[in-house]
Structure formats: C-alpha cells, structure tokens
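J.: Mind looking over this structure? Questions follow.
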Amino acid sequence: MVSQRLYPYIAGAEQQALGLARALTRADADVRMVTTLFADGLPRRETIDGIDVERIRVPLARNVAEKGPAFHAAKISQIVTMALHVARAARGVDIVHAHCLSASSLGAVIGARLAGVPVIVKPSLGGVDGELRKLVVSAASKPLLAMLRR
C-alpha cells in the first residue's frame, strides 16, 4: 500500500489506509505500507499495528511552497522517487494499492506498471473539493486521467 503521508499525520485517507491494512492483516494477508518521509525525526522503518511501514526520502520535497517551479520540481521528484521504489519493491507482490490522487500515488502507478503488477488507486474526497475534480480541471488532466484509466 502507498499513502503519501502516514502516522503521525492522520487524516481521513490515512485512517482508511491503516484500517484497510489492519483488516487485510487480520485476514492473513501480508501487507506492507510505503509513505514519504515528510518530517524530521520520523523513523525510516517501523511497525504500526503489526504492519511494516517504510518511509522513503524524496529529494526536493521538503519545505516547498505550494506554487512555482520549486513546487513542480518537488512533485516530479516525488513521482520519480516513488515510481522507482515501487518498481523495485513490487516484484513478487500481488497488487499495489495507492491511497489518494497524489504524486506518491502517480509514482506508485508507474512503478507497479514497470514491475508488471496490477495497481488500484482509491481517490480521496468527493464533490467539488475532491481530488478527482481538482485533477479534471488541472492543466495536466488529459495524461493523468489516461494513466488512471489504465
């Protein structure tokens, strides 16, 4: 499973991801979670409720304002870093499940495809404020929607 953020940052999407991971673990599935290392002091690896969690460092992604070239470079860095990580880690897994329409999820889609592993993406939030709506109106909507359809 891929989630852009995870504990100690816990909002609705992160709660859903952990809840699904716990349920799958109780059903004897081997679940591993990958997230970004988004704050200083967080461990690179830990176990949360019996689920192995790995946080990957994303170059350029720290302390970037949400506008301008630095923001776009950070997002591209996040997509590439997650894609490479998932492509390596996904070999031998049954499915990659990504939460939210984030740069991490887009990277997970690319990485899973490179590894030949099926991938599912679960968008977060609905309606006019939802992720899918924001994606539809973005400048990159055509290629991103085509990728998600596949």
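Nothing in this text is a laboratory measurement; each read-out follows from the coordinates by a stated rule. What you are looking at is a predicted structure, and each value in this text was computed from that prediction instead of being measured. Here Cβ is always computed from backbone atoms with ideal geometry, including for glycine, and neighbour counts include all displayed protein chains.
J.: With unit charges on the beta carbons (Lys and Arg positive, Asp and Glu negative) and the dipole taken about the Cα centre of segment 1-93, which residue among Thr35, Pro69, Leu20 sits farthest to the positive side?
T.: With unit charges placed on the Cβ atoms, the residue in question is Pro69.
J.: Would you mind putting 73-80, 107-114 in packing order, based on average other-beta-carbon counts within 10 Å, highest first?
T.: 107-114, 73-80
J.: Sort 27-34, 116-123, 44-51 by packing, meaning the average of other beta carbons within 10 Å per residue, with the highest value first.
T.: Numbers: 27-34: 13.9, 116-123: 16.1, 44-51: 11.6.
Packing order, densest peptide first, comes out as 116-123, 27-34, 44-51.
J.: Starting from the Cα of Gln16, step 7 Å along the direction of its Cβ; do the same at Leu114; then give the gap between the two resulting points in nm.
T.: About 2.7 nm, to one decimal.
J.: A further question on this structure: How far apart, in nm, are the 7 Å Cα→Cβ label points at Asp28 and His72?
T.: It works out to 5.1 nm between the two label points.
J.: Taking the mean number of other Cβ atoms within 10 Å as a proxy for protection, how do you rank 93-104, 12-23 from highest to lowest?
T.: Numbers: 93-104: 21.6, 12-23: 16.8.
Top of the packing list down: 93-104, 12-23.
J.: Whose amide H sits under 5 Å from the amide H of Val2, counting only residues 5 or more places off or on another chain, with H placed in the peptide plane?
T.: Excluding prolines and chain starts, which carry no amide H, the hits are Val34, His97, Ala98, His99.
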